[in-house]
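The values are calculated or read from the model by the stated rules, or taken from the named source; none is laboratory data. The model shown is predicted, which means the values in this text are computed figures rather than measured ones. Note that we place each Cβ from the backbone using ideal geometry, even for glycine, and neighbour counts take in every protein chain shown.
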Amino acid sequence: MSAGLWITVEGGDGTGKTTQSRLLADWLTGQGRTVVHTREPGGTEVGRLIRDIVLHHRGDIVPRAEALLYAADRAHHVATVVRPALERGEVVLQDRYLDSSVVYQGAGRVLDAAEVRNLSLWATEGALPDVTVLLDLDEQVARERLDSADKPFDRLEAAGESFHTRVRRAYLELAAAEPDRFLVVDAAAPVAEIAEVIRTRVAERLS
Ligand code: TYD
């Protein structure tokens, strides 16, 4: 998109995105880069209100409304946080982006994946990351990790097993379709090993 570098981190729930993006942020900072570490949904003030609706609203939200809420969060986030940081030449490290919508709202629900993607591209005037790290993990392992974590499931985490199987498959299909943007990492590998693989790709893009 411009002078900086935009990295997004994707994967199903429980694949270790938080750990890996924190390690990458620390490493980038250590390299002297200014890092904007952000996330969707909820990377802005208005986004935090939207996040509260999509993740914690107790009643039903129809799929098209849900897709629009994520797209609204994304539109505001890209315009007010991501694009300005990239224009300043900074590194934007972001947990989840449009691939999450394509996978969760598209493959996971009843919506058409291409339409969901186009909605996000409209929302962001076509903004796509330079690098997308996909943490790929067997669903059973992911679920065991989540079960052992001491936190209640949010709406989507509670959505059941076959949903997560579809999510994983859909992510891998997206990665296969855009091999230059995606780096697929085996999330069952040791944490330090995964971090090293990610750093290598990012270092290539920085140089
Ligand atoms: P979050 O608490 O940020 O968890 P995680 O550590 O898994 O990222 O929850 C984000 C949830 O929102 C996650 O279950 C995926 C979902 N989501 C969508 O369904 N569509 C989207 O476009 C985004 C960004 C997230």
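Hey, among the residues in the range 47-90 that are assigned to a loop (DSSP other than H, G, I, E, B) and not aliphatic (A, V, I, L, M), which one's surrounded by the most Cβ atoms within 10 Å (Cβ to Cβ)?
Restricting to residues being assigned to a loop (DSSP other than H, G, I, E, B) and not aliphatic (A, V, I, L, M), the top hit is Glu90.
Residue under question is Trp6, and the condition is that it be surrounded by 14 or more Cβ atoms within 10 Å (Cβ to Cβ), at pLDDT 95 or above and not in a helix (DSSP H, G or I); does it hold?
Judged against the criteria, Trp6 is a match.
Only one of Val103, Val82 is in contact (Cβ under 8 Å) with a residue 12 or more places away in the chain, farther than 21 Å from Glu173 by Cβ and β-branched (Val, Ile, Thr); which?
The unique qualifying residue is Val82.
Output the number of the condition that Glu196 fails; it satisfies all remaining conditions of (1) within 24 Å of Val91 (Cα to Cα); (2) part of a helix (DSSP H, G or I); (3) in contact (Cβ under 8 Å) with a residue 12 or more places away in the chain.
The number of the failed condition is (3).
Within the range 55-70, restricting attention to residues that are among the charged types (D, E, K, R) and within 21 Å of the chain's Cα centre (by Cα), which residue is nearest to the ligand (Cβ to nearest atom)?
In this case the residue turns out to be Glu66.
Please count how many residues of the range 168-193 are surrounded by fewer than 16 Cβ atoms within 10 Å (Cβ to Cβ) and in a helix (DSSP H, G or I).
Matching residues across the range 168-193 total 8.
Identify, from the list Asp13, Asp26, the residue that is free of Cβ contacts under 8 Å to residues at least 24 places away in the same chain and either surrounded by fewer than 19 Cβ atoms within 10 Å (Cβ to Cβ) or of a type outside the set (Ser, Thr, Tyr) (or both).
The match here is Asp26.
How many residues are among the charged types (D, E, K, R) and in a helix (DSSP H, G or I) if we restrict to the range 106-141?
3
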